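Scroll down for the structure; my scribbles are underneath it.
Read the figures in this text as sums done on the coordinates, not as results from a lab. Everything quoted here is computed from the prediction, not taken from an experiment. Virtual Cβ from ideal backbone geometry, glycine too; neighbours counted across all protein chains shown.
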Amino acid sequence: MSQQTNWVPTSVDLEKPSAARIYDYVLGGNHNFTVDREFVRQRDRVDPKSRQFAIQNRAFLRRVVLYLMEQGIRQFLDLGSGIPTVGNVHEIAQATDPSTRVVYVEIEHVAVAHSQLILEDNDNAVMVHADITKPSLVLGDPDTRATLDLDKPVGILAIAIGHYVLDDPESVFAAYRDAVPPGSYLGLSHLTDDFRDMTELTSDMRQTQNAVRARTKAEVSRLFGDWDVVEPGLVTTSRWRPDRETNPQGAEERDGLYAGVARKK
């Protein structure tokens, strides 16, 4: 992608990689810059397996959205949605039911600008430019309130976003859980160091705009609060309701993230 593109906001930092743009590049998207691509190439040289985290995570997102559609969910709040490359939430959900409503929430400027462009003609999906660690601002945003009916079940998606919440993620997640009625769901994935040492990855991420914190299974589990975790429980991304039965050696190490879905009682 050219460094100069007419829709790119002037506030974009081209000196530091961004997690959203890194993810976009790994998934084959076009909304990233040289600094993002070089970060991924450097990570590939050090640890080729880390690219798999994004690929497995994206596949998990698709399965979660389809599962929630099967449960009757017709509105989604996608926290830290990133750049909407192929296989985004509204694309998956609205293929099943075009009336499904989606609120994306993102703070990264390129992700916001591109999302607003592609959603211009979609009356049932909006992008809210906000920090997900400020739930009151997200939930009180006029576009959120106009798009979602918080008296009806909502599918909250926190896909690979919790590890960017460095301090007190339990309070952040609790605020979103408290805002939705029984019958709502929370789907999340989160970086873990339970299976391999993530020190080098977390150190490298501190050189970007987005530091991360890997957490244990117990820590990630607490983000669900007292909601009922659906089968197969909190597992790694490729093991959550896979499209086909597989038992690859070293899957946990390859995935690098815990993944799960829970339902509000």
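Sorted largest first, the spans of the alpha carbon positions of the range 41-142 along the three principal axes are 43, 30, 25 Å.
Shape verdict for the range 61-200, please, from the Cα gyration tensor: rounded (a/c under 1.5), prolate (a/b greater than b/c) or oblate. Cα axes put the range 61-200 in the rounded bin.
Under conditions of 4 °C and 1.567 mPa s, the range 125-216 yields 88 µm² s⁻¹ as its translational diffusion coefficient, taking Rh as the Kirkwood radius over Cα pairs in the Stokes-Einstein equation. In the chain, the DSSP beta bridges split such that about 40 percent are antiparallel, to the nearest 5. Listed here are the pairs LYS16/LYS217; LYS152/LYS217; LYS134/LYS264; LYS16/LYS49; LYS49/LYS217; which of them are more than 26 Å apart at the Cα? Over 26 Å Cα-Cα: LYS16/LYS217; LYS152/LYS217. Highest-first packing order for the peptide set 177-186, 72-81 is 72-81, 177-186, based on the mean count of other beta carbon atoms within 10 Å. Mean silhouette area of the chain, derived from the convex hull of its C-alpha atoms and averaged over all directions, reads 13.3 nm². Scoring 99-105, 47-53 by mean Cβ neighbours within 10 Å over their residues and listing the highest first yields 99-105, 47-53.
Computed packing ranks the peptides 227-233, 162-168 as 162-168, 227-233, most packed first, by mean other Cβ atoms within 10 Å.
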